[in-house]
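Shown next, in structure tokens, is the structure this report addresses.
Each reported figure results from applying straightforward, stated rules to the coordinates on display, with no laboratory input. Computed from a predicted structure; not experimentally measured. Here Cβ is always computed from backbone atoms with ideal geometry, including for glycine, and neighbour counts include all displayed protein chains.
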């Protein structure tokens, strides 16, 4: 007999259907409920399972039947549970296992490490929407390179912020600012407090709809529908989305994101984004980079300090100083500096992240210049 300690429920319906337990050596046992006649206890069929194989199951990479058909050490156990503190495992010969004790073919785990109650509770405490994102590699290994994590989070934030600006305007940009916080230790699930406060109905409708807009893009299979949804976000949103997906694709990462939709109704929203979905959207964006282009026009004058022969320029528009470059220095032929000489310029607008402040940085490339009447 082996005494086991209960550590985690994987599937619960009235009673634990599948759970994890450990012995005194911290060896893990995967326990599956099976029907029997004794009403004084519950009985489970168990196999020993490694952390790697358990993660593959939690990550929906292998199904439950494959684990029970081929235990890693070839051993089975009959587990009797009288209560959470009374769990006894006894060795069970393979030839005594009946078909009704085994799981159905094709049962994949719907494991959710991100606790809805924690997100909702923290949202109620802070008065602001909570969200989270979890990254998984192809083995669901629960580890990630620090540089990859940093790049992924930075680009995820940029994607959400740019999408929010696209949909609601720059006056609401700060609502999409994400502040990382910890709800639990030893986790690669990253939790955020966003900057939109809940209304009197317990909802933060703008940022929630922004996250939903991003989420729905990855659920689309039709290329025509994908084209329509992506074109709604034309500009910096798509540039930052492609940059984020590049990190995911390069490192073979999928991700799960979730956010609190309503504290009053205690509801959350979100989904798991698979590698296939990431590749589908990333490939589309790579073949339609023209959708990322943003052009901006300014009226004003070229200030002293403009280096005409090297393509660097300083432009004053409504007393605001704008700097940029151009690939066509001959565009400056005949340009006169100073406030008395007005011009209308058209620029390509690019957005990067300042590596020091981590704030968005906008740069401009001059593509057209038209002289207006001199003052």
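Annotation: the residues 122, 206, 242, sorted from fewest to most other C-beta atoms within 10 Å of their own C-beta, follow the order 206, 122, 242. Rounded to the nearest 10 degrees, the angle from helix 236-250 to the longest Cα principal axis of the chain is 40 degrees. The Kirkwood hydrodynamic radius of the stretch 24-177, based on inverse pair distances between different Cα atoms, is 19.4 Å. Note on the chain: Cα convex hull, mean projected area over all directions, 25.0 nm².
Report the equivalent ellipsoid semi-axes for the stretch 119-162 in whole Å, largest first, defined as the square roots of five times the eigenvalues of the gyration tensor built from alpha carbon atoms. Write out the running numbers ahead of the final one.
On the way: eigenvalues 120, 49, 13 Å².
Listed largest to smallest, the semi-axes of the stretch 119-162 are 24, 16, 8 Å.
Return a whole-number percent for the relative contact order of the stretch 2-101, with Cα pairs under 8 Å and 6 or more residues apart as the contact set. All intermediate terms of the calculation are to be shown ahead of the outcome.
On the way: 175 pairs, mean separation 25.8, N = 100.
It rounds to 26 percent for the stretch 2-101.
To the nearest 500 deg cm²/dmol, what mean residue ellipticity at 222 nm is calculated for the chain from DSSP H runs of n ≥ 4 alone, each contributing -39,500 (n - 2.57), summed and divided by the residues?
Numbers: 8 runs with 97 residues, N = 375.
Rounded to the nearest 500, it is -8000 deg cm²/dmol.
Distance from the alpha carbon centroid of the stretch 206-241 to that of the stretch 33-66 works out to 38 angstrom. Report, in degrees rounded to the nearest 10, the 0 to 90 angle that the Cα long axis of helix 116-126 makes with the longest principal axis of the chain. Rounded to the nearest ten degrees, it is 50. Relative to the first principal axis of the alpha-carbon coordinates of the chain, what is the inclination of helix 146-168, with its axis defined by its Cα atoms, in degrees from 0 to 90 and to the nearest 10? Helix 146-168 sits at roughly 60 degrees to that axis. Given q = 0.16, 0.25 Å⁻¹, what are the Debye log10 I(q)/I(0) values for the stretch 2-101, with equal point scatterers placed on the Cα positions and solvent ignored? So the normalised log intensities are -0.64, -1.66. Is the C-alpha gyration tensor of the stretch 28-76 telling us rounded, prolate or oblate? Criteria: a/c under 1.5 is rounded; beyond that, a/b larger than b/c is prolate, otherwise oblate. Prolate, since a/c reaches 1.5 and a/b exceeds b/c. Classification of the stretch 164-308 by its C-alpha gyration tensor yields an oblate form. The axis ratio a/c (a ≥ b ≥ c) is 1.5 or more, and b/c is at least a/b.
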